[in-house]
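This report refers to the structure that appears directly beneath it.
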Amino acid sequence: MSLTVCYPQLEHRQRQARLDGVLSQALAGREAQVLERPEDLDRARGKRVLFALALDEAGQNAAYSNMLARLRLEPGLLEGCTGGLLVDGPGELYTKSTAAELALAMNGAGCALVGRPLVEATGSLANFRIQAKNLGSDLLGAYGAAARELAEQVERFAFPSRERPRLLALHASSRHTSNTMDLWGEVQKRLSGRWQVEEIGLRNGTLSDCSGCPYTMCLHFGERGGCFYGGVMSEEVYPAVRRADALILMCPNYNDALSANLTAFINRLTALFRQTRFYDKAVFALVVSGYSGSDTVARQLISALNMNKSFYLPPRFALLETANAPGEALAAPGIGARLDRFAQGMEALFPQGEP
């Protein structure tokens, strides 16, 4: 295999010297082609893709902005790609938000993202303190090691197939009034009978949020497959997540954010994550906003579940819709075709006839 590196250049190239060095280390001994211009992105289709992005003091990169525009406007530009991201900034801000923005655009253009697809370098490299301590190296050495590991993962990772995939559907909505639940009902109708679907509702009063236990306590309970606070998470959700090959989350937009119970679900996953990584589990989402902002919620899901908790992000992982009054989502123009494409994307992740 080989890597295709999308590397939009800063106008003042000396500002990306650190990323130049780390990228050289990550690509050492690997076959790689480097694409620096937006018009070169056509050559990335179907490849293993690593986006390497250096930011200036304002958190900007003009060449990247032009690449981003192409990704957003051309839905098939990265069809068949599997990718990851390196984002390097001179300060302590903008790296994570830029990465989430880029990840959503890549995904919408047809690119899958491996679990934990981001290596992020802030100006101080303080975010590598724990890795450096574990490796017995300095901060720059830990940064380089993380970049090499990501390059290897992007180049080699293959998502496992299943003949009868298990799907866990999570929601915290009322079936009678929820547009997200209406969409889920239609998606489920479109899935073939080989899917084994388990559905869990996280309604008010059933789920306590994470209270931030000390690391050792969280690790202790996680190693035993539970959580100090117990409840529906330990009794139902943790076992269901372990069984699942894929998750689908129903995500109405609450104040430009995930609902409280879905946020609590993600927070409480930490105890299970201490024991189990989720690289071989995919995440899908149905996101509905009353007026606007579905992309904001989708970026939160990418940051929390793909970048942080290591879930695999299939191409076009989320169906993003706008609807307010009950029933509006299913009355939206073209919704049937969009639902068809979304369900087809889920089916494509687990091709029939595969072991």
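Projecting label points 7 angstrom from Cα along Cα→Cβ for Thr276 and Glu36 puts them 4.7 nm apart. Full extension of the segment from Gln9 to Ser292, taken as 0.36 nm per residue of separation minus the current Cα-Cα distance, would add 98.6 nm.
Scanning residues 5 or more positions from Ala54 or on other chains, those with amide H under 5 Å from its amide H are Asp88, with H placed 1.01 Å from N in the peptide plane.
Scanning residues 5 or more positions from Leu247 or on other chains, those with amide H under 5 Å from its amide H are Leu168, Ala282, Val283, Phe284, with H placed 1.01 Å from N in the peptide plane. Between Gln344 and Glu152, residue separation times 0.36 nm minus the direct Cα-Cα distance comes to 66.2 nm. Rounded, prolate or oblate: pick one for region 251-337, where a ≥ b ≥ c are the square roots of the eigenvalues of its C-alpha gyration tensor, a/c under 1.5 means rounded, and failing that, prolate if a/b is larger than b/c, else oblate. Prolate is the answer for region 251-337, as a/c is 1.5 or above and a/b outweighs b/c. Once you've got the Cα coordinates, tell me which of Lys133/Lys281; Lys96/Lys189; Lys189/Lys309; Lys96/Lys281 are over 25 Å apart. The pairs that break the limit, which is 25 Å between Cα atoms, are Lys133/Lys281; Lys96/Lys189; Lys189/Lys309. With contributions of -39500 (n - 2.57) from each DSSP H run of at least four residues, the per-residue ellipticity at 222 nm computed over the chain stands at -11000 deg cm²/dmol. Here the relative contact order of the chain, from alpha carbon pairs under 8 Å that lie six or more residues apart, stands at 17 percent.
Every number here is computed from the coordinates shown, using simple stated rules; none is lab data. All values reported here derive from a predicted model rather than from experimental measurement. No Cβ is skipped: glycine too gets one built from the backbone with ideal geometry, and neighbour counts run over all protein chains shown.
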